[in-house]
Amino acid sequence: MNVGWARLAQIALLGCLPVFGDSIETVCSSPGSAVSQQSTGTDPLVIGEVPAYSWYHGCGPTAVGSVIGYWDLHGYPNLFDASGAGVYYTPNVQDQISSPAHNAKYDPTPDNPNLPTPPRTSIADFFHTSEDPLGYGWSYNVYADAAFADYAAYRGYRLSAIDAFFYSGFSWDTFTSEINAGRPMMFIVDTSGSGSTDHAIPVIGYDDRGAEGLWYAMYTTWSEDETVIWEPFRGIQQGSPWGIASATFVRPLDAPVPEPRSVVFIVVAAVLSVAVRRSGTRRCKVSQTCK
């Protein structure tokens, strides 16, 4: 299929209110929990502790927020102002998803000419969400990597964000390798099967169902209380709802800050290592499992 990727990269993402379709399939799991469903191929894998946020001033910033929230909870605690369990709740992080100044300036269409350009302090600022000539809630695909990397830099971290198109170098193996490494990502998708991108989603897992095909796990960004949603892993094309146009792979470049309990574990492990060495018993590294 000739999609015209250079053109597609310029198409804006739909950020308007959710439209639920029959293609949505839910499974018996809570947001951020492991999936209990059995697979006919390999066991499904879902990354835990990824926040599911309610749509807030654009699907792009909301989807990026879920991935950023995950990393905030896993060693990069300054990405959001909220901390701990508070990161899971949209009102606690909404100003970092889209700031009040950004909303006041760019929510109207056209943009409010009486307000100054706001400082870049939120994900929506770096995603250029709702900025003219875009309507409310839309963002440009070409700013997806900046929405991750530049926002993280503003918060004091180095984050790698790389875009890959489904029909050009983006494979199932690449996708599953990222999930296996515990790195959620963002997909740009076509929810309606029209052949054009209209939504951004955080993607958190995969399932090889054998004869039933390959599936990916995601949140729609439409509800903080939603369960994990499963859709077929396939490219964007007419007649294929939730088809994938591109992915943004995200990984931190800085070492994570250990949680307090991790620090205690490292200290205890070091003491045990010394004790084992003195006793002559076989040792293993802290990161390994001794048998």
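The values are calculated or read from the model by the stated rules, or taken from the named source; none is laboratory data. All values derive from a computational prediction rather than experimental measurement. Here the Cβ positions follow ideal geometry from the backbone for every residue, glycine too, while neighbour counts run over all protein chains shown.
Worth a mention:
Table: residues versus (1) assigned to a loop (DSSP other than H, G, I, E, B); (2) of a type in the set (Asp, Glu); (3) in the same structural domain as residue 238 (by TED's automatic domain parsing); (4) modelled with pLDDT under 95.
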| site | (1), (2), (3), (4) |
| --- | --- |
| 29 | yes, no, yes, yes |
| 38 | yes, no, yes, yes |
| 54 | yes, no, yes, no |
| 63 | no, no, yes, no |
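- Within region 219-259, tally of residues that are touching a helix residue (DSSP H, G or I) at 6+ places or on another chain (Cβ under 8 Å), at pLDDT below 95 and surrounded by 13 or more Cβ atoms within 10 Å (Cβ to Cβ): 1
- As a summary of the residue check, residue 97 satisfies the conditions (1) over 24 Å from residue 67 (Cα atoms); (2) crowded, with 21+ Cβ neighbours inside 10 Å; (3) not charged (D, E, K, R) except for the one numbered (1).
- With respect to the conditions (1) modelled with pLDDT under 90; (2) assigned to a strand (DSSP E or B); (3) among the hydroxyl-bearing types (Ser, Thr, Tyr), residue 262 falls short on a single one, namely (2).
- Annotation note: Cβ proximity below 6 Å between a residue of region 197-209 that is assigned by TED's automatic domain parsing to the domain that holds residue 54 and assigned to a strand (DSSP E or B) and a residue that is of a type in the set (Gly, Ala, Ser) and surrounded by fewer than 23 Cβ atoms within 10 Å (Cβ to Cβ) (sequence gap 6+ or interchain) occurs for 207/39; 208/41.
- Boolean, residue 113 is in contact with a Ser or Thr (Cβ under 7 Å, 6 or more places away or on another chain) and more than 29 Å from residue 246 (Cβ to Cβ): no
- Long-range neighbours under 9 Å by Cβ, at least six apart or interchain, first residue under 19 Å from residue 258 (Cβ atoms) within region 73-86, second surrounded by 17 or more Cβ atoms within 10 Å (Cβ to Cβ) and among the hydroxyl-bearing types (Ser, Thr, Tyr): 73/88; 76/157; 78/157; 79/151; 79/157
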